[in-house]
1. Can you find, within segment 165-198, the residue that is nearest to His230 (Cα to Cα) among those that are assigned to a strand (DSSP E or B) and open to solvent by 30 Å² or more (accessible area, probe 1.4 Å)?
2. For Val225, indicate whether it is under 17 Å from Asp152 (Cβ atoms) and either touching a strand residue (DSSP E or B) at 6+ places or on another chain (Cβ under 8 Å) or of a type outside the set (A, V, I, L, M) (or both).
3. Do we find that Phe125 is without any contact (Cβ under 8 Å) to a residue 24 or more places away in the chain and open to solvent by 60 Å² or more (accessible area, probe 1.4 Å) in this structure?
4. Only residues in segment 261-290 that are at positive phi and assigned to a loop (DSSP other than H, G, I, E, B) count as the first member; pair them with residues that are among the basic types (Lys, Arg) and surrounded by fewer than 23 Cβ atoms within 10 Å (Cβ to Cβ), Cβ under 8 angstrom, at least 6 apart or cross-chain, and list the lot.
5. Scan segment 131-164 residue by residue and report those that are closer than 18 Å to Ile226 by Cβ, among the aliphatic types (A, V, I, L, M) and open to solvent by 10 Å² or more (accessible area, probe 1.4 Å).
6. When the residues of segment 93-122 are filtered to those that are closer than 29 Å to Gly263 by Cβ and charged (D, E, K, R), which remaining residue is surrounded by the most Cβ atoms within 10 Å (Cβ to Cβ)?
Amino acid sequence: MEPTARGDTGGGTSEAGARKRRPGRDHAACPGKLSRERQGPSFLLFRTPASEPRPGPQHCPGDGFSLTSKKRQRKETGSMSLFNTVRKTIVPVHKEGYPFVAAFFVASLILGWIFKPLFWIGMIFTLWCAYFFRDPERVTPQDDDLVISPADGKVSAIQMVTPPAELDLGSEPMLRISVFMNVFNCHVNRAPMRGRIVSINYRSGSFVNAELDKASEDNERNGLVIETRHGQIGVVQIAGLVARRILCWANPNEPVDAGERFGLIRFGSRLDVFLPAGAAPRVSLGQVAIAGETVIAEFASTKGPIISRRS
């Protein structure tokens, strides 16, 4: 009788017995795993180097680690993409608006305790308040020949007028470009050109509609004079019908960059920019301007005023 080969269970050949002892997966196909190879009458155990190149798939049959890792990676990537989208969509609120947003929210809670539907009405006003005090990032052209809009809103005036006396810019007419901000515009104000702040002058006054021409003379206002490459320019913050507070955190003798934040006006207002000779308008009446981005005028240009078509 022939002797039974080592490793045979008696129910078949040694190869069949080996298959019975290692069902499910072939460890010899897995990098870095213990492998068995038959040499003669016995089995030898050795470790396959993980770096050894092998043809075909690089994962073991039945091993779901690679697939699970890819699913997890896709899920994490999708979550981060959604988070980045939401983060870029939600505009930060300026710190000056925090007390107002908090006050509107508390008022909503009190109104909701009195009459539940009033809570949701109050929340609408709370969201509007947060929207009003938004402070988005802007991409500002860095060119000393360009004048950038200091405010979001509609261009309400382009004309030659004498600047306010408190600016001390002389009695000769200067090009004035006015941008009117309604209660839905962003009210953070930005410097129209790079230079040095020469003076800041505040003057009290009335609170008529800032869109009216007489608002430049009658309303409460705060004027900045900036020394630029093309001479001194004036930037005037004008309070409106609803606005009751002009904020300016710039200081005299400080340098300022084009597009840099310098102030804020609460709840509806207007910005006037006074430009010396050599400036040509680059906007039209009724055009919507974006603070820190829209070019409203240009110096040292051979082009004349632009021609626009309303459509």
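The values are calculated or read from the model by the stated rules, or taken from the named source; none is laboratory data. Predicted model, so just to flag it, every value in this text is computed and none were measured. Virtual Cβ from ideal backbone geometry, glycine too; neighbours counted across all protein chains shown. Heads up: the accessible areas ignore ligands, DNA and RNA and are worked out on the full protein's heavy atoms, side chains in. Shrake-Rupley method; radii C 1.70, N 1.55, O 1.52, S 1.80 Å.
1. In the first step, residues of segment 165-198 are kept if they are assigned to a strand (DSSP E or B); the result is 174-181, 188-190, 195-198.
Subsequent filtering for residues that are open to solvent by 30 Å² or more (accessible area, probe 1.4 Å) retains 180, 196, 198.
Working: Phe180: 25, Arg196: 12, Val198: 14 Å.
Among residues in segment 165-198 that are assigned to a strand (DSSP E or B) and open to solvent by 30 Å² or more (accessible area, probe 1.4 Å), the one nearest to His230 (Cα to Cα) is Arg196.
2. On the way: under 17 Å from Asp152 (Cβ atoms): no; either touching a strand residue (DSSP E or B) at 6+ places or on another chain (Cβ under 8 Å) or of a type outside the set (A, V, I, L, M) (or both): yes.
No: the conditions fail for Val225.
3. On the way: without any contact (Cβ under 8 Å) to a residue 24 or more places away in the chain: yes; open to solvent by 60 Å² or more (accessible area, probe 1.4 Å): yes.
Yes: the conditions hold for Phe125.
4. Phe267/Arg244; Gly286/Lys154; Gly286/Arg310
5. Listed by number, the list holds a single entry, Leu146.
6. Result: Glu96.
Every residue, every condition in (1) at pLDDT 95 or above; (2) open to solvent by 20 Å² or more (accessible area, probe 1.4 Å); (3) under 14 Å from Pro150 (Cα atoms), yes or no:
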| position | (1), (2), (3) |
| --- | --- |
| Ala243 | no, no, no |
| Cys248 | no, yes, yes |
| Gly278 | no, yes, no |
| Thr302 | no, yes, no |
